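S.K.: Let me begin by handing over the structure; questions about it come next.
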Amino acid sequence: MNFQPLGDRVLLKVQEVETKTASGIIIPDNASQEKPTVAEVVAIGSEVKEVAVGDTIIYTKFARSATVTIDTIEYLVMETSEILGKFEETK
């Protein structure tokens, strides 16, 4: 991939919404159409300090972002101010 976000922006790969619960209950399409808010950081700009490539983050539901398609995969580009936090690995 040849995309480098500028400044304090990050490139995110949005994680798919689960359509089945852990117990096997299938979630109807209309219930799972909520906009996903969890993503993996794929690339970061030179001014980004809070997150790193590979981190799983959560962002605001109505985040200002741009959708870009790279190698037939859709990504989001957004400023780090739209990121609420990141998930830490538990040991």
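The values are calculated or read from the model by the stated rules, or taken from the named source; none is laboratory data. If you're wondering where the values come from, they're calculated on a predicted model, not measured in any experiment. All Cβ positions, even for glycine, are placed from backbone atoms using ideal geometry, and neighbour counts span all protein chains on display.
S.K.: Filter the stretch 12-45 down to the residues that are among the polar types (S, T, N, Q) and surrounded by 11 or more Cβ atoms within 10 Å (Cβ to Cβ), then identify the one that is modelled with the highest pLDDT. Break it down stepwise before answering.
M.R.: If we filter the stretch 12-45 for residues that are among the polar types (S, T, N, Q), which is where we start, we get 15, 19, 21, 23, 30, 32-33, 37.
Cutting the leftovers down to surrounded by 11 or more Cβ atoms within 10 Å (Cβ to Cβ) gives us 15, 19, 32, 37.
Numbers: GLN15: 79, THR19: 60, SER32: 47, THR37: 86.
Residue satisfying both the conditions and the ranking: THR37.
S.K.: When the stretch 74-86 is examined, which residues are found to be over 12 Å from VAL10 (Cβ atoms) and either surrounded by 11 or more Cβ atoms within 10 Å (Cβ to Cβ) or free of Cβ contacts under 8 Å to residues at least 40 places away in the same chain (or both)?
M.R.: Just the residues of the stretch 74-86 that are over 12 Å from VAL10 (Cβ atoms), to begin with: 74, 84-85.
Once the filter is applied, which keeps residues that are over 12 Å from VAL10 (Cβ atoms) and either surrounded by 11 or more Cβ atoms within 10 Å (Cβ to Cβ) or free of Cβ contacts under 8 Å to residues at least 40 places away in the same chain (or both), the stretch 74-86 yields LEU84, GLY85.
S.K.: Another question, then. When you go through ASP55, ASP71 one by one, which is the residue that is at positive phi, touching a residue at least 24 places away in the same chain (Cβ under 8 Å) and either of a type outside the set (Asp, Glu) or out of contact with any Gly (no Cβ under 9 Å at 6 or more places or on another chain) (or both)? Don't jump to the end; show me each part of the working.
M.R.: Values: ASP55 fails: at positive phi.
Of the residues listed, the single one that is at positive phi, touching a residue at least 24 places away in the same chain (Cβ under 8 Å) and either of a type outside the set (Asp, Glu) or out of contact with any Gly (no Cβ under 9 Å at 6 or more places or on another chain) (or both) is ASP71.
S.K.: Okay, moving on. For the stretch 52-73, name all the residues that are assigned to a loop (DSSP other than H, G, I, E, B) and either within 15 Å of GLN15 (Cβ to Cβ) or among the small types (Gly, Ala, Ser) (or both). It would help to see each step written out before you state the result.
M.R.: At the first step, the residues of the stretch 52-73 found to be assigned to a loop (DSSP other than H, G, I, E, B) are 52-55, 60-64, 71-72.
Of everything in the stretch 52-73, those that are assigned to a loop (DSSP other than H, G, I, E, B) and either within 15 Å of GLN15 (Cβ to Cβ) or among the small types (Gly, Ala, Ser) (or both) turn out to be ALA52, GLY54, ASP55, LYS61, ALA63.
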